[in-house]
Amino acid sequence: MDIYIAGSFRHKHGVRLLGNALRALGCRILDWTEKAAPPPGLTPAQRRAWMDTDQAGGQVFDFCRQACLTADMVIYYGASGQDAGVEVGFAAGAGVPLLGIRGPLEAPGLMLHGAMTCWVDEVEDAVTLVRTLLERLRADTPPDPAAPADPAGLLLAALRRRKADAETCERLAESGLSRPVSVRQRLASDGPDC
């Protein structure tokens, strides 16, 4: 499973630790922390300016945007700022399942809260949830309709929906029936965005 962790640069160490824990479960991390590395010797203010202007020629933005659009799941590492919110928006718009980890003092606003497939309060809970999700994927366990608040079931259903949409788009493309879909058409339909 390919996972992108959307988080503030100030959480870089925590994002890396979470990524390592998920790698140990067999996940592939689309890791922005390797790309967002200012040159050595800069002051904190210079590092901030480097990050805010993507001095890598747009490569960090391009990597993060593409990762959010193509990951199997995006994890929001809270509390984070505007950039992580934009990344959540990219993922939500592409139908990528989103797992939110609330920051210790975070009260997510309407849009951030609503974009998440589910929320947890602790990083350890997120790791446990991903472990459970991977076990269910391997066992091909169907979601339990009697447990609608089951976070692993919600993520599993979202992953399956995304996979089914991708397969539908692929079949349409192969048959030559694929066409561009406007935002208005997409909002008016429940089908895949092909």
Environment charge of residue 101, counting only residues whose C-beta is closer than 11 Å and scoring Lys/Arg +1, Asp/Glu -1
-4
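Please compute the per residue accessible area over the stretch 86-125 with all protein chains in place, 1.4 Å probe, rounded to a whole number of Å².
51
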Provide the per-residue ³J(HN,Hα) series for the stretch 152-157, in order, calculated from phi with Karplus coefficients 6.51, -1.76, 1.60 and θ = phi - 60°, each as a whole number of Hz, with x at glycine and proline positions.
5, x, 5, 5, 4, 4
For a protection proxy built on the mean count of beta-carbon atoms within 10 angstrom, sort 8-19, 65-76 highest first, please.
65-76, 8-19
For the stretch 76-89, Karplus-derived ³J(HN,Hα) couplings (6.51, -1.76, 1.60; θ = phi - 60°; whole Hz; x for glycine and proline) come out as 8, 9, x, 7, 10, x, 4, 4, 5, x, 5, 4, 4, x
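Under the 0.36 nm per residue contour assumption, what length would be gained going from the current alpha-carbon distance of residue 167 and residue 86 to full extension? Show your work: numbers first, answer last.
Details: separation 81, 0.36 × 81 = 29.16 nm, distance 2.66 nm.
Length difference between fully extended and current span is 26.5 nm.
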Name the residues whose placed amide hydrogens come within less than 5 Å of the amide hydrogen of residue 6, ignoring near sequence neighbours (fewer than 5 apart) on the same chain.
75, 76, 77
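The values are calculated or read from the model by the stated rules, or taken from the named source; none is laboratory data. Being a predicted model, the structure only gives us computed values, none of them experimental. Glycine also receives a Cβ, built like all others from the backbone with ideal geometry; neighbour counts cover every protein chain displayed. Note: accessible area is taken over every heavy atom of the protein model, side chains too, but ligands, DNA and RNA are not part of it. Shrake-Rupley method; radii C 1.70, N 1.55, O 1.52, S 1.80 Å.
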